[in-house]
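Data first, discussion second: the structure below is written as structure tokens.
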Amino acid sequence: MNVTSTEHEETCARILQGLWEYVKAGQEEILLSPYLPACCAFLTHVLLCAPFLALDALGSVCQRVRSWRIAAGSGPPPSLRRWSDCFLRVLYKYLTIVLPVTALFQTLRSPMLPVLAPSCWQLFVEICACFLLFDTLFFIWHFSMHRVPWLYRNIHQLHHQHHTPFALAAQDASSAELLSLLLLALSSAWVVGCHPLSEVLFHLFNSWMAVEDHCGYNLPWALHRLLPCLGGAPFHQAHHSLHSWNYAPYFTHWDHLFGTYQA
């Protein structure tokens, strides 16, 4: 049993090391670019939203897809015009605010690329630690934006224009809020001391979970159905409807502890 476990760890280590060397080979200048986080965040977000654009299109002709919509009785899925308007708003904010500020933040971090890839256990622990820390910081910030009227009016209210959110709307917020969330994610990885490979995977999973939370669908294969500790799209859509509940982005423990959980 121990031999098998050791073999699996060695195989995983070889795969990760090969992946890291492949990513790093001849790409150090790109990987160390201060513009990389904002560019990747935007492109990843758009690409991960694409399947939900297809679902919204299919919803007009497929009853099964319509049955997955959480707010099926509140009207049709968002139109292509609504998607395109949202895309242009998010793109403008990334180009004018998010990109220059996160580039400055990355310059101050001055990351180094290690020679070795992380072990499987290190990768797992670092990603989990990043999610738990980000979830905590987001809960505090989100709770504050709702409880302090000035913060809500000037920073968060724009995001709540979507009473029934859709995937792309996950980043349809004020420039200040959009920037703050990306900085929270970058800071979480910095505090944990992540290996660059762990940080990349954390940002990728973080983008996917944010999109899934706002997608408006309670899908049979959604992550919250596999992991009961996650709230998922129904949890976050309740927040957009009720405003005073479900402040955490992913996990539900902080809302349970502070009495702000609404099923």
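The values are calculated or read from the model by the stated rules, or taken from the named source; none is laboratory data. Being a predicted model, the structure only gives us computed values, none of them experimental. No Cβ is skipped: glycine too gets one built from the backbone with ideal geometry, and neighbour counts run over all protein chains shown.
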- Query: Looking at (1) at pLDDT below 95; (2) under 21 Å from MET112 (Cα atoms), which is the only condition ALA129 fails?
  - Reply: (1)
- For the stretch 224-239, how many residues are buried (at least 17 other Cβ atoms within 10 Å of the Cβ) and farther than 15 Å from ARG69 by Cα? 4
- Pairs under 8 Å by beta carbon, first residue on the phi < 0 side of the Ramachandran plot and among the small types (Gly, Ala, Ser) in the stretch 52-81, partner surrounded by 15 or more Cβ atoms within 10 Å (Cβ to Cβ) and modelled with pLDDT of 80 or more, six or more apart or different chains? GLY59/VAL65; GLY59/ARG66; GLY59/ARG69; ALA71/THR164; ALA71/GLY216; ALA71/GLN237; ALA72/ARG66; SER74/THR164
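Are any of the residues in the stretch 123-133 of a type in the set (Phe, Trp, Tyr) and buried (at least 17 other Cβ atoms within 10 Å of the Cβ)?
Yes, the stretch 123-133 contains at least one residue that is of a type in the set (Phe, Trp, Tyr) and buried (at least 17 other Cβ atoms within 10 Å of the Cβ).
Tell me which residues, restricted to the stretch 202-221, are part of a loop (DSSP other than H, G, I, E, B) and in contact with a Pro (Cβ under 9 Å, 6 or more places away or on another chain). Walk me through how you get there before you give the answer.
If we filter the stretch 202-221 for residues that are part of a loop (DSSP other than H, G, I, E, B), which is where we start, we get 215-216, 218-221.
Of everything in the stretch 202-221, those that are part of a loop (DSSP other than H, G, I, E, B) and in contact with a Pro (Cβ under 9 Å, 6 or more places away or on another chain) turn out to be CYS215, GLY216, ASN218.
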- Unmet requirement for GLY216, which otherwise passes all of (1) under 14 Å from the mean Cα position of the chain (by Cα); (2) surrounded by 21 or more Cβ atoms within 10 Å (Cβ to Cβ); (3) more than 30 Å from ALA25 (Cα to Cα): (1)
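Can you report the number of residues in the stretch 135-189 which are β-branched (Val, Ile, Thr) and closer than 30 Å to VAL125 by Cβ?
Narrowing the stretch 135-189 to residues β-branched (Val, Ile, Thr): 136, 140, 148, 155, 164.
If we keep only those that are closer than 30 Å to VAL125 by Cβ too, we end up with 136, 140.
Total satisfying the criteria: 2.
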